[in-house]
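The structure appears below as structure tokens.
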Amino acid sequence: MSDEFMALRDETDLIREVFVYSHRFSDAVFVFRIGSRIIDSPSFPGLVHDLSLLHENGIRILLVPAGGSRIDELLAIYGIETERVNGVRVSTPEAMPLIQMAAFDVATKLMNEFARNRVEAVIGNWVKARAIGVRDGIDYRDTGIIDKVNSDLIAKSLEDDFVPILPCIGWNAVGEPYNISSAELATQLAVSLKARKLFFITEGEAFTSDEIKLRREGIVTHEGYVSRVTVQAAEAILRDHPAGISGIEREMLHQAIVACRGGVERVHFLDGTADGVVLKEVFSTLGYGIMVHADPFENMRPMNQEDVLDVLRIMEPNIKKGVLVRRTEDDLQRLCDDYVVYEIDRTIRGCGALHRYGADRAEIAGVAVDENFNHLGIGQKIVEFLIGEARLLGLAGVFILTTQTADWFLSLGFVQVTPNELPAERRATYDEERKSRVYSFQLR
Ligand SMILES: CC(C)(COP(=O)(O)OP(=O)(O)OC[C@H]1O[C@@H](n2cnc3c(N)ncnc32)[C@H](O)[C@@H]1OP(=O)(O)O)[C@@H](O)C(=O)NCCC(=O)NCCS
């Protein structure tokens, strides 16, 4: 195929992906915590432009700009020093006016940039806070913790099409301001507004220490491809690798866990200095950056020899309808290691397999869900899990053969290819009479 044709196909695939995801996220709430150095970086206008595109496409966005570096700058100008204990700033009464000024300064810069994109943003005092108080003999003075966010009012401004911006300040009942953690604020907002995604836009790549990067079950970067970390793995990282992450990474990872435990499905860490990262994450099947997620695969496990009859039972109605190719007990026993099963209440309700071909390709096959459990997203989880396995194996791509389920695979981001593009070994066993269509999903 010519380079020109391949480029055109890539472009078409991209457009398809965008349509799939824009539909999936309309009316969804996304919360962004933006690192303070990003706001003065050259990538800032591009980032706000991309956030404006999300807003214009019906995604409800909320922003929490961090004050950190701006606060440091202002305190340095006025010669005021503050102490940090376990990464938390002790906000003295003399520092507090400058902290508040810095927090609102970054919020205003964000507001100005949205105005340039003709998006209406609003800065609000929607957060109730109280003093951390004295802990382990340390008086944190005007540093606060969040009591409550006024989610009703924030939801209303989202409905009215505003982009709410929340500086890292909260107020007590008599209007005294407290300096609060922007990571905690973003998390509380995501949980109380039932956000679909929470983003930490960082100043450079996060979690790059070798100790963390190399953990298979932890954070693994495949040259910019998404790295998935379950909440359990994130907890293990915090517990087992205290030296491998910085104070702010620790705080963000901790908040990511709180968010997932509070019902937010996915938390993303994106390097805000790179162009287009938010759009790449939201609108592509592979995603981007590092993701902490509640474990949607906790019901998935490898198939055992004892499961073979249950799996055949799920496949049987589809085999009779000609949707699935017939498999025997022997076939399943022989290829047992390739299969995974999905259980609900210890009963198998779904299955699927990943068959390797050569060093870098695999076929996803035998995907079936018990008819009484259709439309619950089980099929999608099985396919996503198998794609995740293929990615961990470092494969270049996966493919599927189907006669009647093409639209479903298209909706999951697969694209049609010709049977000639199958690996030679699989091409040799391709059933010319069955005339299955072939769909592929590229991983690199
Ligand atoms: C295809 C299959 C695995 C989907 O399982 P599932 O758990 O119900 O799927 P999900 O809940 O993730 O997705 C459901 C969506 O897929 C769509 N879908 C299901 N089967 C489809 C098909 N054959 N063609 C197009 N779309 C299909 C449904 O419209 C549904 O959308 P909705 O929930 O908005 O109504 C299941 O229907 C099945 O076992 N089919 C028979 C076997 C098969 O075709 N396997 C694939 C070949 S390897």
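The values are calculated or read from the model by the stated rules, or taken from the named source; none is laboratory data. What you see is a predicted model; the values in this text were computed from it and never measured. Positions of Cβ are backbone-derived with ideal geometry, glycine not excepted, and every protein chain shown enters the neighbour counts.
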Please determine, by comparing only the residues of the range 394-409 that are aliphatic (A, V, I, L, M) and near the ligand (Cβ under 8 Å from one of its atoms), which one is surrounded by the most Cβ atoms within 10 Å (Cβ to Cβ).
400
Lone qualifier among 35, 46 - being more than 19 Å from the chain's Cα centre (by Cα) and either at pLDDT 75 or above or not assigned by TED's automatic domain parsing to the domain that holds residue 195 (or both)
46
Flag for residue 295 being surrounded by fewer than 19 Cβ atoms within 10 Å (Cβ to Cβ), more than 16 Å from the ligand (Cβ to nearest atom) and more than 20 Å from residue 369 (Cβ to Cβ):
no
Restricting the search to the range 45-95, which residues are in contact with a Gly (Cβ under 9 Å, 6 or more places away or on another chain), outside any helix (DSSP H, G or I) and within 29 Å of residue 155 (Cα to Cα)?
65, 66
Which of the residues spanning the range 96-134 are small (Gly, Ala, Ser), under 29 Å from the mean Cα position of the chain (by Cα) and not in a helix (DSSP H, G or I)?
121, 124, 129
